[in-house]
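This report concerns only the one structure given below.
The values are calculated or read from the model by the stated rules, or taken from the named source; none is laboratory data. This is a predicted model, so every value here is computed, not measured. In this analysis, Cβ positions are derived from the backbone assuming ideal geometry, glycine residues included, and neighbour counts consider all displayed protein chains.
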Amino acid sequence: MKKSWRILLIILAVLLLVVLVGPFLIPIPTAAGTVSPQQLADADSKFVEINGITVHYKMMGLAEPYIILLHGFGASVFSWHAVMGLLSQLGTVIAYDRLAFGLTECPMSWSGLNPYGPEGNEALLVDLMDHFGI
């Protein structure tokens, strides 16, 4: 009796492992009929390539200081549309979509620093600031 339960538990564990890990092993093809982020963007949207990643951002204002707006998890540049105009009266406002959010590229592979970790997000922000001369 114990042996049959053990075999059953092993089978269930293997099936669970296949169900949980299997989808990550299957490559995902590009969906037919999709459009580029540039086609989805607003008229005031801009794109810049930072470290091989296309980053979507919006900028308002023409003077210092610079105000960089960082959205939270599951958000995008759109989160800031109601306040960007007001903040631009104080300086130059830059809001950008973090990796895999909004219209910023979602890299599926990389070498070196994980772009999705805290260090990768910080590096992207610093490189974006360097791009704008901040």
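In table form, for the structure just shown:
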{"item": "Lone unmet requirement of (1) farther than 19 Å from Y116 by Cβ; (2) at pLDDT below 95; (3) not hydroxyl-bearing (S, T, Y) for F24", "result": "(1)"}
{"item": "Matching entry among K58, K3 (being part of a strand (DSSP E or B) and either among the basic types (K, R) or over 29 Å from A123 (Cα atoms) (or both))", "result": "K58"}
{"item": "Residue list for the stretch 61-83, restricted to those being of a type in the set (S, T, Y) and either within 16 Å of L125 (Cα to Cα) or over 16 Å from the mean Cα position of the chain (by Cα) (or both)", "result": "Y66, S76"}
{"item": "All positions within the stretch 32-73 that are touching a Leu at 6+ places or on another chain (Cβ under 8 Å), of a type in the set (S, T, Y) and at pLDDT below 90", "result": "none"}
{"item": "Total residues in the stretch 6-46, condition of a type outside the set (V, I, T), within 30 Å of I94 (Cβ to Cβ) and in a loop (DSSP other than H, G, I, E, B)", "result": "6"}
{"item": "Given (1) of a type outside the set (V, I, T); (2) out of contact with any helix residue (DSSP H, G or I) (no Cβ under 7 Å at 6 or more places or on another chain); (3) modelled with pLDDT of 95 or more; (4) under 29 Å from T34 (Cα atoms), number of the condition Y116 does not satisfy", "result": "(3)"}
{"item": "Residues that are under 10 Å from R98 (Cβ atoms) and among the aliphatic types (A, V, I, L, M), drawn from the stretch 116-127", "result": "L124, L125"}
{"item": "Single unsatisfied condition, P115 versus (1) assigned to a strand (DSSP E or B); (2) buried (at least 16 other Cβ atoms within 10 Å of the Cβ)", "result": "(1)"}
